Amino acid sequence: MDLDLLLGVGRFVLATTLLLLLTVPTAFIIIYLELKVIALMQLRIGPNRVGPYGVFQSAIHGFKVLAKEDFTPDNADRPIFTMAPWMVFMAAAMSMLVIPFAPGLVALDSEISVIYFFAIIGLSVVGLLVAGWASYNKYSLLGGLRSAAQMVSYEIPLTLSIVGVVILTGTLSFTEIIAWQHAHGWAILWQWIGLPVFFIASTAEINRTPFDMVEADSEIVAGFATEYSGMRFGFFFFAEYVSLFIMSAILVTLFFGGWLAPWPFPAQLSGFGGMIYGLFWFLLKTYFFVFVSIWARATLPRVRVDQLMGMAWKVLLPLALVNLFVTAIVVLVFGL
């Protein structure tokens, strides 16, 4: 076997393993952040018992979920019922491969990383749908069907909002999109219509409040997850928090320069120093948008299902198309 091919496969396996190991602490950090931020917004203290300032509270929640009994309903389709949580979790975890965290710090630096991202993240809807169907429960089936309708509807404006950035930069590579922003300024300067479309559509895509109709505790008792418990239940919600991080990271990559600082990158920083500097700015911007999403959950009520679908087809889709045409005109006029 060719040595370069062998090294490439080894690097890919190592990067995949490291990213899978990082998904759980990422979920724990966001869970703790959500508990603390919502508590402060409601004038409560929040977690303050387990560890200093309650920092281990989300880890205890994770161990509690793993310790609970993991059962399967008698009439459920057992193989599919068991596989569905892994499908949702792996769709979220594998989409992290193309995220450029810092200069040189990307697992899969592909020329078509944008296409890869949408191909992988779209598999999560399959996991939710089969979870609802395999549970042999009417509430689960309703939640699964809602997830299919919601995600298919919101993937269209989500994709079109990114097409505007692709037209502007002329590339399908996340790394090259960041390089274009280094030369021309952050894409938000040109994509002020695409940003809100992407943010709202991505919030609906990962089932976050106010677009969490897939779970809708008050009417379909957790939807697709009604019959799940223990580790399989935990994987669904680990996947949700990992997806929140991923969508925030992609938003930062597309519109806010990725690892780029608001001012010119120091010329003297290269190699490992430049990687750490870039990683700092990337995570700072990413967790800012995680905070914005948590802020939305703390303040906005859940929308009705007709409002949910109307938002996708009547508001976001026309705005995404307008953004696409305006971007094409800007590229032609300014020769970007």
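The values are calculated or read from the model by the stated rules, or taken from the named source; none is laboratory data. Since this is a predicted model, take the numbers as computed values, not measurements. Virtual Cβ from ideal backbone geometry, glycine too; neighbours counted across all protein chains shown.
Residues that are at pLDDT below 90, among the hydroxyl-bearing types (Ser, Thr, Tyr) and crowded, with 18+ Cβ neighbours inside 10 Å do not occur anywhere in segment 98-112.
Restricting attention to segment 17-74, the residues being closer than 18 Å to Phe236 by Cβ and polar (S, T, N, Q) number 4. Quick check on my filter: what residues within segment 142-157 are out of contact with any Leu (no Cβ under 7 Å at 6 or more places or on another chain), in contact (Cβ under 8 Å) with a residue 60 or more places away in the chain and farther than 21 Å from Gly234 by Cβ? Correct list: Leu142, Arg146, Ala149, Ser153, Tyr154. Of all residues in segment 244-260, none satisfies being more than 27 Å from Ala39 (Cα to Cα), over 14 Å from the mean Cα position of the chain (by Cα), modelled with pLDDT of 85 or more and surrounded by fewer than 19 Cβ atoms within 10 Å (Cβ to Cβ). Checking Ile115, Ile162, Ile156 one by one, the residue that is under 15 Å from Met247 (Cβ atoms) and either in a helix (DSSP H, G or I) or among the aromatic types (Phe, Trp, Tyr) (or both) is Ile162 and no other. Can you give me the number of residues within segment 82-141 that are within 19 Å of Gly8 (Cβ to Cβ) and touching a Leu at 6+ places or on another chain (Cβ under 6 Å)? Qualifying residue count for the region: 6. Among the residues of this structure, Arg232 counts as one that is charged (D, E, K, R), more than 28 Å from Val331 (Cβ to Cβ) and in contact with a Ser or Thr (Cβ under 8 Å, 6 or more places away or on another chain). When segment 68-120 is filtered for residues that are touching a residue at least 60 places away in the same chain (Cβ under 8 Å) and acidic (Asp, Glu), the ones remaining, listed by number, are Glu69, Asp70, Asp109, Glu111.
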